[in-house]
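Worksheet for the structure shown next.
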Amino acid sequence: MAKAAKQMRPFPQPRSRLRSLLSCYNFSMPDVTFACFSCGHPIQLLSGQKVLKNDTCPQCNADLHCCKNCRFFDPSVHNECRETQAEWVRYKDKANYCDYFEAATRVDLVRKLGTSAEDARKKWNSLFKK
């Protein structure tokens, strides 16, 4: 008996309405920044860039590789750190050699020029129309 030929399904079409909604944002190079815990000065990081132990804030000269600038820092948990394997650090605002340090970054979406909030709202509403 011959096997039935397997039918190939075409790839699904991209959601053009969703794509047009998201077209008002520039996703190619988002700004990855984190703020100094001491003065709040925004510091830009390149993709994959690490904060080294000796790095300091250019504005207030505070240490950047410290617990208070780490994404795991949380004063309400044990050792003030959400990383369960990290060792206890006495001075949370001084530079340390923690292996689990990750800068508490945020990604800011950059709006393209010429698009308004009203245009984005119209595109968003058109997504859910039948």
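Filtered by the rule that a residue be free of Cβ contacts under 8 Å to residues at least 24 places away in the same chain and either part of a strand (DSSP E or B) or surrounded by 13 or more Cβ atoms within 10 Å (Cβ to Cβ) (or both), the range 60-101 gives Asp74, Asn79, Glu80, Cys81, Arg82, Glu83, Ala86, Val89. Taking the criterion of being modelled with pLDDT under 85 and either under 30 Å from Ala62 (Cα atoms) or surrounded by 11 or more Cβ atoms within 10 Å (Cβ to Cβ) (or both), the residues of the range 102-120 that qualify are Thr105, Arg106, Val107, Asp108, Leu109, Val110, Arg111, Thr115, Asp119, Ala120.
Screening Ser47, Ser16, Ser23 for residues that are closer than 30 Å to Ser126 by Cβ, modelled with pLDDT under 70, among the small types (Gly, Ala, Ser) and within 21 Å of the chain's Cα centre (by Cα) leaves exactly one candidate, Ser23.
The values are calculated or read from the model by the stated rules, or taken from the named source; none is laboratory data. On a predicted model such as this, the values are computed, not experimentally measured, just so you know. Positions of Cβ are generated from backbone atoms using ideal geometry, with glycine treated the same way; all protein chains shown enter the neighbour counts.
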